[in-house]
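K.L.:
Have a look at this one.
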Amino acid sequence: MKKYIKTLFLGATAVALSGTFASCEKDKTSDDTSTDARYKAILAQYVDATVVPTYKALAEAALEMRAANDTLKNNPTDAAMQAASAAWMKARIEWELSEAFLFGPVGEDAFDIDGHIDSWPLELNAITESVGAGGDISGSSAWSELDAEVIGFHTTEYLLYRNGQSRPVADLTPAELKYLTAATDALVWDCVLAYVAWAGEENVSAEIRAVFNENSEVVAALNATSAFKNFAATLKNATGKYDGNLAAALSEISTGAADIADEVGATKIESPFTTGKTEEVESWYSWHSLDDYQNNIKSIKNAYYGGRNLNAPNPNSLSIFVAEKNAALDASIKAKIDDCIAKIAAIGTGEKSFYEVVRDKANAAQVDAAVDACAELGGLFEQINNDVIK
């Protein structure tokens, strides 16, 4: 069985030794000084107003989820169960709003927090077996030893929800409560690791530092390499693996946006609808799938606009820069972002969850339209890297 902690150390070490950023090599223009200053301003806005605040909100929401689950464990009532479900939902939303920047510390070449926190389908047999044995596993063991498919957002969702509703507390066994607590601890440490690695341990609150230091293996993972310590500074200054290439650093914004647009359309929507396998639907216990996918597109908007929940792009955003170089492309991107969100929502026509859409092979036209819109959006962001960032 492949354990996360082993993958984590190997991936981090490999990146630390690589030294350069090979996937995107761009030549500087003749006006190096002004171009570099502009790129740095865009990167600073993106990191400081979008990425770091999103991971901060995620870490704080995860702590609220832990507190709610502890309350549920100590006093299992329907009200506590509903509060725990609501706390899960709050954290889930913040995670989905981070998916336009699944690189750096959260990526596969680092700690693979994305894979660890958000894998599906679940290994339900393994979860059931562990619960049947009493659910007696510590949070630290869950984080370092268990497969991603038996922890993370979807395992905690499975324990809290059924058919889009918070489970009656009477349905939740003491063993499930123990397992929920351990899985939540593992999720909390992943969320906190993402925030601390991006922001730098010295730049987070005392509460977050204390949670980060609860698990020595989490601390050791980050300390194993300097490449992902304060990754915000690394990206803003194009140091480390970017080797001074500000264009390569800037391209992370559009590449991250293109990647999640393609994933939403091809992997999250088209694949389960085509196969008809409801177990491949993400977030189907809470029936939150279509909201997840819309939040993924909103994460693209946040990244492109240089903030969170902005109605118009920040002056130092990638959007304004693209508009100066190719106004038609910028207009197309902004329109297609809104188009994607609307078309994903339309998949639920008839008040259907995506689980029901896949199960019943319903709303095929709406599914096709959303898939096409996501592919088009991904292509537009690829055009930024090909034609705008030099």
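The values are calculated or read from the model by the stated rules, or taken from the named source; none is laboratory data. Worth saying up front: this structure is predicted, and the values here are computed from it rather than measured. Cβ placement follows ideal geometry from the backbone for every residue including glycine, while neighbour counts extend to all protein chains displayed. Only protein heavy atoms, including side chains, enter the accessible area calculation; ligands, DNA and RNA are left aside. Shrake-Rupley method; radii C 1.70, N 1.55, O 1.52, S 1.80 Å.
K.L.:
Take the residues in the stretch 156-181 that are within 15 Å of Trp88 (Cβ to Cβ) and of a type in the set (A, V, I, L, M, F, W, C), then tell me which one is surrounded by the most Cβ atoms within 10 Å (Cβ to Cβ).
P.N.:
Leu160
K.L.:
Please count how many residues of the stretch 82-124 are surrounded by fewer than 24 Cβ atoms within 10 Å (Cβ to Cβ), modelled with pLDDT of 95 or more and under 18 Å from Asp171 (Cα atoms).
P.N.:
Residues meeting the conditions: 4.
K.L.:
Of everything in the stretch 141-161 that's in a helix (DSSP H, G or I) and more than 22 Å from Lys73 (Cα to Cα), which residue is farthest from the chain's Cα centre (by Cα)?
P.N.:
Glu145
K.L.:
Here's another thing I want to ask about it. Given the options Ile300, Ile320, name the one that is closer than 19 Å to Asp48 by Cβ, open to solvent by 40 Å² or more (accessible area, probe 1.4 Å) and β-branched (Val, Ile, Thr).
P.N.:
Ile320
K.L.:
Run down Ala170, Ala133, Ala148, Ala142 and say which single residue is at negative phi, in contact with a Pro (Cβ under 9 Å, 6 or more places away or on another chain) and of a type in the set (Gly, Ala, Ser). Write out each step before concluding.
P.N.:
Working: Ala133 fails: in contact with a Pro (Cβ under 9 Å, 6 or more places away or on another chain); Ala148 fails: in contact with a Pro (Cβ under 9 Å, 6 or more places away or on another chain); Ala142 fails: in contact with a Pro (Cβ under 9 Å, 6 or more places away or on another chain).
That would be Ala170, the only listed residue that is at negative phi, in contact with a Pro (Cβ under 9 Å, 6 or more places away or on another chain) and of a type in the set (Gly, Ala, Ser).
K.L.:
Here is a follow-up. Give the residues of the stretch 38-81 that are open to solvent by less than 30 Å² (accessible area, probe 1.4 Å) and over 30 Å from Asn316 (Cβ atoms), sorted by residue number.
P.N.:
Within the stretch 38-81, Leu63, Met65, Ala68, Asn69, Leu72, Ala80, Met81 qualify.
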